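Below is one structure. I have some questions about it.
The values are calculated or read from the model by the stated rules, or taken from the named source; none is laboratory data. Note that this is a predicted model, so its numbers are computed, not measured. Here the Cβ is made from the backbone with ideal geometry for all residues, glycine too, and neighbour counts use every protein chain on show.
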Amino acid sequence: MNIKLLKNEFLLSLDDDDVGLWEVWVLANQLYQGGPEVKKAAILEVIRELLDEKSMIAGEIHDGVIKKWKGTSEEIIERIDSEWRKLNRDPDLGDVVWFFKV
């Protein structure tokens, strides 16, 4: 799986608007075949890279206000992974986390 393509498409989406985890999931499903765990691993790797590069921040939107998640890239990845597992399903609109271009 070439995660560079997913990363590029994710960045293009961030140029247009804030991006929810569910949108990254849809991108991965459009770009790649394979099981959900393979796609999830690729998504988490791309998120880690973009956080490390300071290309985006992760957070939530409450009453129209962005609340940035605090922590290292690894801590944010662990939080996303944990909350995603708790869903016990594919992410949907508003689930888990939003990403915002810096």
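For the range 9-44, which positions are over 21 Å from Arg89 (Cβ atoms), of a type in the set (Asp, Glu) and assigned to a helix (DSSP H, G or I)?
Glu9, Asp15, Asp16
Mind checking which residues of the range 57-75 are within 14 Å of Ile43 (Cα to Cα) and touching a helix residue (DSSP H, G or I) at 6+ places or on another chain (Cβ under 6 Å)?
Within the range 57-75, Ala58, Ser73 qualify.
So, of the residues in the range 45-87 that are part of a loop (DSSP other than H, G, I, E, B) and either buried (at least 16 other Cβ atoms within 10 Å of the Cβ) or not acidic (Asp, Glu) (or both), which turns out to be modelled with the lowest pLDDT?
The qualifying residue modelled with the lowest pLDDT is Gly64.
Is it the case that the range 31-44 has a residue that's touching a Gly at 6+ places or on another chain (Cβ under 9 Å), among the aromatic types (Phe, Trp, Tyr) and in contact (Cβ under 8 Å) with a residue 24 or more places away in the chain?
Scanning the range 31-44 turns up no residue that is touching a Gly at 6+ places or on another chain (Cβ under 9 Å), among the aromatic types (Phe, Trp, Tyr) and in contact (Cβ under 8 Å) with a residue 24 or more places away in the chain.
Please name all residue pairs, on different chains or six or more residues apart, with Cβ atoms under 8 Å, provided the first residue is in the range 2-13 and is over 15 Å from Lys39 (Cα atoms) and the second residue is among the charged types (D, E, K, R) and part of a helix (DSSP H, G or I).
Listed by first residue and then by second, the contacts come to Ser13/Glu23.
Checking the conditions here, which among Lys70, Lys101 is of a type in the set (Lys, Arg) and in contact (Cβ under 8 Å) with a residue 40 or more places away in the chain?
Sole residue among the options that is of a type in the set (Lys, Arg) and in contact (Cβ under 8 Å) with a residue 40 or more places away in the chain: Lys101.
In the range 57-82, what count of residues is obtained for those that are of a type in the set (A, V, I, L, M, F, W, C) and more than 12 Å from Gly20 (Cα to Cα)?
Let us first name the residues in the range 57-82 that are of a type in the set (A, V, I, L, M, F, W, C), namely 57-58, 61, 65-66, 69, 76-77, 80.
Remaining after also requiring more than 12 Å from Gly20 (Cα to Cα): 65-66, 69, 76-77.
The number of residues fulfilling the criteria is 5.
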